[in-house]
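In what follows, a single structure is set out as structure tokens and then discussed.
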Amino acid sequence: MKRAAVLLGIALCAGVMCMGCTEKNYVPEGYNLVWSDEFDADGAPDPEKWDYSLGGGGWGNAELQTYTNKRDNSFVKNGILSVVAKLDGSKWTSARLKTQYKASWTYGYFEIKARLPEGVGTWPAIWMMPEFENYGGWPRSGEIDIMEHVGYDQDVIHTSLHSSAFNHKKGTQKTHYEKVADVSKKFHVYAVEWTESSIEWFVDGKSFYRVERENDVIEEWPFNKNFYMILNIAIGGSWGGQQGVDKNMSPVTMDVDYVRVYQK
């Protein structure tokens with residue numbers, strides 16, 4: 001099983017490549033694995049771990065896709081979760097997987113190894129939302145974007161935080177972007193370390209962006225409640241569709257090797 005081999009490798013590695021290791025270990029010292037999906041079982045994503053957002057309607061961003069729970073749009077094969085957006089006639093379908101009401105966390109180190117789709121109009125994301133809107137509707141209860149990519153700006157990775165005071169509707173969101181080579185050709189490890197006083201993003205173990213809690217007020221820092229994980233590909237929309245959608249690219253896939261959650 002991939003999971004057993006990976007956990008053995010993590011136990012042996014301590015952060016460097018070594019005999020018997022399957023991959024680098026980027027996990028900060030003091031964290032222990034509390035939840036993971038290594039996608040070992042072919043077929044549907046594990047229903048004990050994943051649910052789906054379903055339907056269309058633009059999702060608040062004028063997106064084109066309709067999300068389904070069909071195997072055309074999400075499946076596990078050979079240790080990889082594939083999230084697929086495809087053109088069915090004149091309509092796009094895709095998948096948006098979430099751990100809501102199955103697993104959620106306050107603070108931790110969250111790590112996802114993924115290969116992103118390529119094509120103008122694609123908008124894949126790995127992100128987190130509050131399990132309950134304790135402080136009100138978006139953006140008041142917060143949003144943590146671990147990774148976003150828009151296909152018209154190939155290989156540029158975006159990370160962001162949203163709150164009542166800091167969000168893209170106001171143009172005040174805490175955000176950073178940077179070019180990362182070959183995100184659609186190779187797997188990269190996207191991660192975030194979320195603590196009581198800061199959130200820091202990493203790509204392949206290197207620090208990418210960091211936000212410190214400046215004031216202990218909910219309008220700025222609602223990040224003290226449980227958040228859940230989301231994996232999806234949107235098509236078009238207010239950001240992803242700024243340069244149109246290439247209808248000749250169907251289907252497009254985000255492949256996910258693993259999702260792991262660690263806490264102290």
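Taking a probe of 1.4 angstrom, what is the accessible area of residue 75 in Å², to the nearest 10?
Rounded to the nearest 10, the figure is 70 Å².
Computed over the Cα atoms of the stretch 79-165, what is the convex hull's projected area averaged over all directions, in nm²?
7.8 nm²
Per DSSP H run of n ≥ 4, the term is -39500 (n - 2.57); total these for the chain, divide by its residue number, and report the mean residue ellipticity at 222 nm rounded to 500 deg cm²/dmol.
-1500 deg cm²/dmol
Post the alpha-carbon centroid distance, the stretch 214-229 to the stretch 20-83, in whole angstrom.
25 Å
Defining a contact as two alpha carbons under 8 Å apart and six or more residues distant in sequence, what relative contact order in percent does the chain show?
Once divided by the residue count of the chain, the mean separation gives 27 percent.
Positive end of the charge dipole of the chain (Lys, Arg +1 and Asp, Glu -1 on Cβ, about the Cα centre): tell me which of 209, 243, 224 has its Cα farthest that way.
Checking the options against the dipole of the chain, the answer is 243.
Using a cut-off of 12 Å between beta-carbons, work out the net charge of the residues near residue 109 (Lys and Arg +1, Asp and Glu -1, residue 109 not included).
Residues close to residue 109 contribute a combined charge of -2.
Counting pairs of Cα atoms in the chain, how many percent are more than 34 Å apart?
13 percent
Below 12 angstrom from the Cβ of residue 253, what's the summed charge of the other residues (Lys, Arg +1; Asp, Glu -1)?
0
Wrap a convex hull around the Cα atoms of the stretch 12-166, take a quarter of its surface area, and give that in square nanometres.
11.5 nm²
The values are calculated or read from the model by the stated rules, or taken from the named source; none is laboratory data. None of these values were measured; they are calculated from a predicted model. Counting neighbours? That spans all protein chains shown, and the Cβs are built from the backbone with ideal geometry, glycine included. Side chains included, ligands, DNA and RNA excluded: accessible areas come from the protein's heavy atoms. Shrake-Rupley method; radii C 1.70, N 1.55, O 1.52, S 1.80 Å.
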